[in-house]
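Read through the structure below, which is laid out as C-alpha cells, and then see the notes.
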Amino acid sequence: MSQWENGQKQPATDRIQEICDQVKRKVEEKTGRDYDEYKAVFYRVKNILVQHYIIKVYVGDDYLHLWVIDASGSVGYLSIEVPEVQQNHKWNDLLEPFD
C-alpha cells in the first residue's frame, strides 16, 4: 500500500475546498449539525487508484477531520465519498489516517 504523500499536512488548496464543498451535505448528515463556517485548512493525500484525503476543516468552534475518497477522476466513476468524519479536533491535532 502506498504512503501518504510527504507524510505531512499541506495547506488546503482551492481544489481541496471544492471537494469539501461537494461533500458538505454528507458531512452535516453524519454529524447531525449544520455548518455556517466550513473551511478546509490542511490535508494529506494518498493515491490508491483513486485519491484518498484526510482533510482538517474549520467549522467555527471546532475542527473536523474528514476521510474523503475522490473517484471523480477515475474512468467510469464520478463519485466523492465520505466514509468517516471525526469531530472535536483542535488546530494542532495531527491528521492521522483513520482506522
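The residues in region 12-49 that are under 11 Å from the mean Cα position of the chain (by Cα), closer than 16 Å to Q87 by Cβ and among the β-branched types (V, I, T) can be counted, and the count is 3. Elements of the type strands (runs of 3 or more DSSP E) sitting completely within region 11-99 and holding at least 2 residues that are surrounded by 12 or more Cβ atoms within 10 Å (Cβ to Cβ) and charged (D, E, K, R): these cover 39-48, 80-89.
Here, each number is a calculation from the coordinates, and none is a lab measurement. Note that this is a predicted model, so its numbers are computed, not measured. A quick note on method: Cβ atoms are made from the backbone with ideal geometry, for glycine too, and the neighbour counts reach across all protein chains shown.
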